[in-house]
1. Quick one: plug the Kirkwood hydrodynamic radius of the chain (C-alpha pairs) into Stokes-Einstein at 4 °C, 1.567 mPa s, and report D in µm²/s.
2. Let a ≥ b ≥ c be the square roots of the eigenvalues of the Cα gyration tensor of the range 151-205; is it rounded (a/c under 1.5), or, if not, prolate (a/b larger than b/c) or oblate?
3. For the range 67-159, state what percent of all Cα-Cα pairs lands in each successive 5 Å bin, counting from 0 Å until the bin that includes the largest distance.
4. Which distance in Å, rounded to a whole number, links the C-alpha centroids of the range 132-192 and the range 21-35?
5. Give me the angle, in degrees from 0 to 90, between the Cα long axis of helix 147-158 and the longest principal axis of the Cα atoms of the chain, rounded to the nearest 10.
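Please treat every number below as a calculation from the coordinates, not as lab data. Note that the structure is a prediction, hence the values are computed from the model and not measured.
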């Protein structure tokens, strides 16, 4: 036994989930920068927040009220393509982190089943001291996740800028109204469920000068 694995189990009776990854920004524009770039703001990504919301039908054996009261810390892993299987998997992308439940809500109608909605916020453990990060994404060499999404996830985690283009006519030819510049990722979230496809949504904040595509 090497200790390089986690025993995993399905969490509760979940039917849908939302993974929300957001980041604050700081305006770093100063007089010299604004004068040099033609008057454009420059932005820097700062504090990042990660939360998970699970929706499930109520079950006494799978409810989270006790975990909420106990402030339990969980390692939650999301595998959007469901391909993290086998002894040496390569075709996968997973998000994994330390979380604690912070809200546990119930609702239902007369005669119907109760529904439970649980929100987990990212938790930063005090130990072990060797912990590299409380949350990360990992991609296997044969993952089917779109490369652009992989790049945006990496930029969110490393607070890096990405180059973006807006092409109203779908081409980069000069004179077609295309714009390009740099941006920071302020939100990249993933939602999915039993009867729906997994879907990423992304929000970007431009930083620095905006130029015409050439």
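1. 65
2. Oblate shape, in that a/c is at least 1.5 and b/c is the bigger or equal ratio.
3. All Cα pairs considered, the percentages come to 3, 11, 16, 16, 16, 16, 11, 6, 3, 1, 0.
4. 19
5. Compared with the principal axis, the helix lies near 90 degrees.
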